[in-house]
Structures are given as C-alpha cells and as structure tokens.
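Only the coordinates and a few stated rules stand behind these numbers; no lab work does. This one's a predicted model, so the numbers in the text were calculated from it and none came from an experiment. All Cβ positions, glycine included, derive from the backbone under ideal geometry; neighbour counts span all protein chains shown.
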Amino acid sequence: MFFKNLALAAPLFAGASTALPQAAPGAKLSPDAKFSLMALRSGSEVHFASFEAAKGSVFVKLPSQNASCDAGAADHATFYLQDGGLYLYAASATPQQLYADRSGMGQGKLGYTTGAQPAPSNGERTSFALDENNDLTVNGAGFLACPNSIDGAWSVWVSTGVEKPAGNQGCLGISARAVEAANPNGCLYTQ
Ligand SMILES: *[C@@H]1O[C@H](CO)[C@@H](O)[C@H](O)[C@H]1NC(C)=O
C-alpha cells in the first residue's frame, strides 16, 4: 500500500510546478479504490473542477455541498464502484447510490438515492465503469456539464445525444476522470 501510494504521488510531484492537478492518465485504479471525479474540458471554466453531490444531484463548481462528513467539511464528493454500481463513499451504513436516467424523460439525469429510496423507473444503477484512462462511463457514455444551476454551480448529466438536457443551455461535453483519494472522507450527502 505504501509503495503503491508513492508510485501514484510521483507524477503529481513532477507536475507540481504548474500548480494544476495532473490530468495525464496514471495507472488504472484498483477495483476497490475510493476516488474523486475531475471534470476535463480544456479551455473551459469547468476544466479540473471536482464533482460535488448535494440534493440528490451531481454538480461541479458548487460552493458548498453541506454534507455531513467524518473528517470535516468536504468540498468535493468521494465515490467508489462495486459490481457496476457507483456509490458515494461513507463509513456509515446508509448507502447513497448513483443512477443515470438516459430515457427520453430523464434526458441523461445523473442523481443518487439514499438508503431504500427507489431510483426512477428508467434509472440505470449498474452501468458505471472506469475506462483505460480512469474516465467514468455509463455504458460507454460520457458526461455534460450545464451552467446556471443552484448556487451558480453547473449540473452534471450523462451524455445521451441531447444537447440541452431538461432545457439547459450552454452545456459542455466533459470527461469525468477518477483520481484516487488517499484519505477518503466519508460523508452523508443531502437528499
Ligand atoms: C448550503 O448551505 C448554505 C447556507 O445555508 C446555502 O446557502 C446553500 O444553498 C446550501 N447549498 C446546498 C447545495 O444545499
């Protein structure tokens, strides 16, 4: 574990002088890794922004998630994958699981449920995976970020070919790069 972390840290030190997170793909994350997700869209406002979770939805550039966390306030969400399901990381027993609704109704809605709360009828819960670049996909699909959401944040959607999901204008296609969390902070995110 110690050596593995050292190996992961090395490229970060190499890139530290740029003061920007490392975007180059590193080693494939282990299947049980806890990770944050970083939006990649060069030349845009959301490039390198971390994914946040609040109110059952996923955002970037959200000022505050207001989650209840074990190790102090978290300014971004921490995730893990299990059997194709994507979960918000928490040390507590209440699972918060992501779903993607790629139906005509959902238009690519990316959200999460808490505990026994059911997903929307067209919600897919077990189509999440990391590709060879550690980019998150939903059955191969990537993501969109749309401006002018709550608190000035951008809402995150699964790309379905709909340019303006739920009427949102100015959406940008993004990659969602998983970055391993060395010290994951367990949180219960707001519903
Ligand atoms: C977080 O709390 C602040 C202060 O109550 C509020 O203004 C903000 O809208 C909240 N954000 C979310 C995502 O719930």
Exercise. Looking only at region 152-185, count how many residues are surrounded by 12 or more Cβ atoms within 10 Å (Cβ to Cβ) and within 16 Å of the ligand (Cβ to nearest atom).
Key: 4
Exercise. Of the conditions (1) among the acidic types (Asp, Glu); (2) out of contact with any Ser or Thr (no Cβ under 8 Å at 6 or more places or on another chain); (3) not in a strand (DSSP E or B), Glu52 clears all except one; give me its number.
Key: (3)
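Tally the residues that are surrounded by 14 or more Cβ atoms within 10 Å (Cβ to Cβ), more than 17 Å from Ser44 (Cβ to Cβ) and in contact (Cβ under 8 Å) with a residue 60 or more places away in the chain, restricting the search to region 132-151. Spell out the reasoning first.
To start, the set of residues in region 132-151 that are surrounded by 14 or more Cβ atoms within 10 Å (Cβ to Cβ) comprises 133-138, 141-147, 149.
Next cut, more than 17 Å from Ser44 (Cβ to Cβ) only: 133-134, 136-138, 141.
Still in the list and also in contact (Cβ under 8 Å) with a residue 60 or more places away in the chain: 133-134, 136.
Of the residues in region 132-151, 3 are surrounded by 14 or more Cβ atoms within 10 Å (Cβ to Cβ), more than 17 Å from Ser44 (Cβ to Cβ) and in contact (Cβ under 8 Å) with a residue 60 or more places away in the chain.
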Quiz item: Pairs, please: C-beta under 6 Å, at least 6 apart or cross-chain, first residue in contact (Cβ under 8 Å) with a residue 40 or more places away in the chain and hydroxyl-bearing (Ser, Thr, Tyr) and in region 175-191, second assigned to a loop (DSSP other than H, G, I, E, B) and within 16 Å of the ligand (Cβ to nearest atom)?
Solution: Tyr189/Ala67; Thr190/Lys55; Thr190/Asn66
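Within region 43-59, track down each residue that is of a type in the set (Phe, Trp, Tyr) and either within 12 Å of the ligand (Cβ to nearest atom) or surrounded by fewer than 21 Cβ atoms within 10 Å (Cβ to Cβ) (or both). Show your work before the answer.
So in region 43-59, the residues of a type in the set (Phe, Trp, Tyr) come out as 48, 51, 59.
Within region 43-59, Phe48, Phe59 qualify.
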Quiz item: Filter region 99-129 for residues that are among the aromatic types (Phe, Trp, Tyr) and touching a residue at least 40 places away in the same chain (Cβ under 8 Å); which is nearest to Lys34 (Cα to Cα)?
Solution: Phe128
Quiz item: Are any of the residues in region 121-142 touching a Leu at 6+ places or on another chain (Cβ under 7 Å) and within 15 Å of the ligand (Cβ to nearest atom)?
Solution: no
Practice problem: Hey, could you check region 134-182 for residues that are outside any strand (DSSP E or B), β-branched (Val, Ile, Thr) and under 14 Å from Gly106 (Cβ atoms) and say which is farthest from the chain's Cα centre (by Cα)? | Solution: Val162
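Scan region 72-95 for residues that are of a type in the set (Gly, Ala, Ser) and not in a strand (DSSP E or B) and jot them down. Before the answer, list the steps.
Step one: filter region 72-95 for residues of a type in the set (Gly, Ala, Ser), giving 72-74, 77, 84-85, 90-93.
Residues satisfying the conditions are Gly72, Ala73, Ala74, Ala77, Gly84, Ala90, Ala91, Ser92, Ala93.
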Quiz item: What's the number of the condition Gln117 fails, among (1) over 22 Å from Ser175 (Cβ atoms); (2) not in a loop (DSSP other than H, G, I, E, B); (3) not hydroxyl-bearing (Ser, Thr, Tyr)?
Solution: (2)
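Among Leu62, Leu98, which is in a loop (DSSP other than H, G, I, E, B) and surrounded by 14 or more Cβ atoms within 10 Å (Cβ to Cβ)? I'd like the intermediate steps shown before the answer.
Details: Leu98 fails: in a loop (DSSP other than H, G, I, E, B).
Exactly one residue qualifies, and that residue is Leu62.
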Quiz item: Could you list, in sequence order, the residues of region 60-86 that are touching an Asp or Glu at 6+ places or on another chain (Cβ under 9 Å), within 12 Å of the ligand (Cβ to nearest atom) and hydrophobic (A, V, I, L, M, F, W, C)?
Solution: Leu62, Ala67, Ala77
Quiz item: Which residue pairs have Cβ atoms under 8 Å apart, sit 6 or more places apart or on different chains, and have a first residue in region 58-70 that is on the phi > 0 side of the Ramachandran plot and a second that is within 7 Å of the ligand (Cβ to nearest atom)?
Solution: Asn66/Ala54; Asn66/Thr190
